[in-house]
Amino acid sequence: QVQLVESGGGIVQPGGSLRLSCVGSGLAFETYSMGWYRHTARKERELVATITSDGGTTNYGDSVKGRFTISKDNAKNTVYLQMNNMKPADTAVYYCKAQFTYARGSVYELWGQGTQVTVSS
């Protein structure tokens, strides 16, 4: 079964840290670029971070730069999101996405089921 499963969400106080994990199965994980996105209470989808298939290049949304770190372990079929110095505005459902781009440019995307992160005192 091809799927992504996120874990690590929960409740954290402002200034605290969490690490999210996303494990892929049924796919050639090392060939996929990965990303973390989040949906806020206002239902907006926001890019959090992306990483290339080899883990060599990362990209971050402006609101998380300097606080969040994305990493990829192809041996474990896992992508991580380390979140530090968290703020109430980081409260959202976080989704993991795998993306494969074919030679002719078409794209295949696979999404996880999401994990809730709440930042509150």
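Per residue, the accessible area of the chain comes to 53 Å² when a 1.4 Å probe rolls over the protein heavy atoms. Each of 115, 33, 22 was scored by the projection of its Cα onto the charge dipole of the chain, and the greatest displacement toward the positive side belongs to 115; charges sit on the C-beta of Lys, Arg, Asp and Glu. The mean sequence separation of alpha-carbon pairs under 8 Å and at least six residues apart, normalised by the residue count of the range 23-89, gives a relative contact order of 27 percent. Using the average count of surrounding beta-carbon atoms within 10 Å as a protection proxy, the listed peptides 93-100, 74-81, 22-29, 52-59 rank, highest first, as 93-100, 74-81, 22-29, 52-59.
Relative intensity of the range 60-115 on a log10 scale, I(q)/I(0) at q = 0.21 Å⁻¹, equals -0.99, per a Debye sum over C-alpha point scatterers of equal strength in the absence of solvent. Size of the range 7-121: Rg and Dmax of its alpha carbons, in Å, are 13.9, 49. Each residue of the range 49-62 is assigned a 3J(HN,Hα), and the resulting list reads 6, 10, 8, 6, 4, 8, x, x, 10, 10, 9, 10, x, 4 Hz, derived from the Karplus form 6.51 cos²θ - 1.76 cosθ + 1.60 (θ = phi - 60°), x at Gly and Pro. As a fraction of the 1.4 Å probe accessible area of the range 47-105, surface on carbon and sulfur atoms comes out at 47 percent. Of the GluC sites (Glu not before Pro) in the range 1-71, the ones in a loop by DSSP (not H, G, I, E or B) with at most 12 other beta carbons within 10 Å are 44.
The values are calculated or read from the model by the stated rules, or taken from the named source; none is laboratory data. Everything quoted here is computed from the prediction, not taken from an experiment. Cβ sites come from the backbone with ideal geometry, for glycine too, and all protein chains shown count toward neighbours. With ligands, DNA and RNA removed, areas are computed over all heavy atoms of the protein, side chains included. Shrake-Rupley method; radii C 1.70, N 1.55, O 1.52, S 1.80 Å.
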